[in-house]
Amino acid sequence: MSAITMRELTKVYPGGVQALDALDLEIADGEFFALLGPSGCGKTTLLRTIAGLEVASGGSVRIDDRDVTNLPPGKRDVAMVFQDYALFPHMTVQENIAYPLRIKKVDRRSRAAKAAETADELGLSALLERRPGQLSGGQQQRVALARAMACHPQVFLLDEPLSNLDARLRLEARTFLKRLQRELGVTTVFVTHDQAEALALADRIAVMEGGRIRQVGTPTEVFRRPANTFVAGFIGSTPMNLVDATVRGDELHVAGVRLPLPEGAHAQVTDGESLVYGVRPEYLDYSPTPVPGALTGQVVVVENLGSFSLVSLDVPDETAADDGAPAGTGHAGSSAAAAGGAAEAAGTSVQVVVAEGSEPEPGDTGWVVPRPGRSLLYRDGNLVAVAAAPAPRAGAAVGG
């Protein structure tokens, strides 16, 4: 067993800067676990504290039921791959891979044999006599991984291992890294600020902000049901639309339209309450003509992203709702001219993903319809416990 358990883990730097704020976290044996968040959120500090490169100010770290909080890095049985790979430029590939074994005083012959075996597993056999300066970025990354593998650690710790690669190599390395972790079965913790990378690689993700963990869950959980508006805005290739809304009886007033409350929300909200309505751009359908139950606005930006486009519309504020309109209609049944007039007073932007070849032009009036079961409600920044949407079909992409 190589589970990692942290209890009330705290790190305070001189001057009172708190990088970790009493974190509680459990990482299962053999799990591929991502620490995700913006710069300065504490994710690298947490990784370095697990490694023993940072001394915890409080709390505990346990690996395989051993309290390693006060142990030096060499006694923790972990291996770390740094963002810049940290290869020794004067050593050959073979010498770099064998270096951890040299530190452990393994004899020269055994070191060479283990380095050759590990290099063969990662397709580096033909490069053993080269030095890092003679390698590509992808090859350097594999050497750094081979060095970590050579000593058979209980835990791999990866600090943004893909950030120095170009886009194509990053995709190739991502696939390689996930397959390698599955084959080795070693508990792996990796730090990234790239949410697409975390969604693609991890079994579970901890989203961090300001030294705290805002949500822990599978990629599907954090994408489909963000626990708070911070996670909702951070996770996903396009951030979730977050629009002010007001409860009116069994309806929700959103951006000038009256919509039915999401399933299961009736018992969780009160009449007249102000909330935030959340729906991902991938879960909205765009129409160039009026549609019942649609948010109406003027197209302001169209971003071509290859196989799809991201369309931004200005929509009316919630206060512009038409109190005389029946539920699910609002401005949707009005003329394009009237909708354009409403858009002129817009104070909210809504984004929608549109298929290739169906893009509107800036200045057009458009209608966007939320898909059933795909919207969420937030109160004071936290998710209202409404019924979950149906699970995605097998093989469906989480990131949309």
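The values are calculated or read from the model by the stated rules, or taken from the named source; none is laboratory data. All figures in this text were calculated on a predicted structure; none of them were measured in a lab. Methodologically, a virtual Cβ is constructed for each residue, glycine included, from the backbone with ideal geometry; neighbour enumeration extends over all protein chains shown. Only protein heavy atoms, including side chains, enter the accessible area calculation; ligands, DNA and RNA are left aside. Shrake-Rupley method; radii C 1.70, N 1.55, O 1.52, S 1.80 Å.
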Item to check | Whole-number accessible area per residue in Å² for the chain, which is evaluated in the context of all protein chains at 1.4 Å | outcome: 45
Next on the checklist: As a test, work out the antiparallel percent of DSSP beta bridges whose residues both lie in the chain, rounded to the nearest 5.
Outcome noted: 75
Checklist entry - Tell me, what is the FRET efficiency for Asp271 and Glu361 to the nearest 0.05, using R0 = 56 angstrom and their Cβ-Cβ distance as r? => result 0.90
Next on the checklist: Springs between alpha-carbon pairs under 10 angstrom, Gaussian network model over the chain: which of His193, His253, His90 fluctuates most?
Outcome noted: His90
Checklist entry - If you line up the Cα atoms of region 2-229 on their principal axes, what length do they span on each, largest first, in Å? => result 50, 39, 33
Item to check | R0 of 30 Å, Cβ-Cβ distance Ala126-Lys105: FRET efficiency to nearest 0.05 | outcome: 0.55
Checklist outcome for this item: Heavy-atom accessible area of the chain with neighbours in place, 1.4 angstrom probe: carbon+sulfur share in percent works out to 49
Item to check | Mean-position separation - Cα centroids, region 253-318 and region 149-213, in angstrom | outcome: 34
Checklist entry - What percent antiparallel are the DSSP beta bridges of region 2-229, to the nearest 5? => result 50
Checklist entry - Of the peptides 20-26, 91-97, how do they stack up when ordered by the mean number of other Cβ atoms within 10 Å, highest first? => result 91-97, 20-26
Item to check | the chain, helix-only ellipticity at 222 nm - DSSP H runs n ≥ 4, -39,500 (n - 2.57), divided by all residues, nearest 500 | outcome: -7000 deg cm²/dmol
Item to check | Top of Gly74, Gly16, Gly297 by mean-square fluctuation, Gaussian network on the chain, Cα under 10 Å | outcome: Gly16
Checklist entry - Is the shape of region 65-177 best called rounded, prolate or oblate, per the rule: a/c under 1.5 gives rounded, else a/b larger than b/c gives prolate, else oblate, with a ≥ b ≥ c the square roots of the Cα gyration tensor eigenvalues? => result oblate
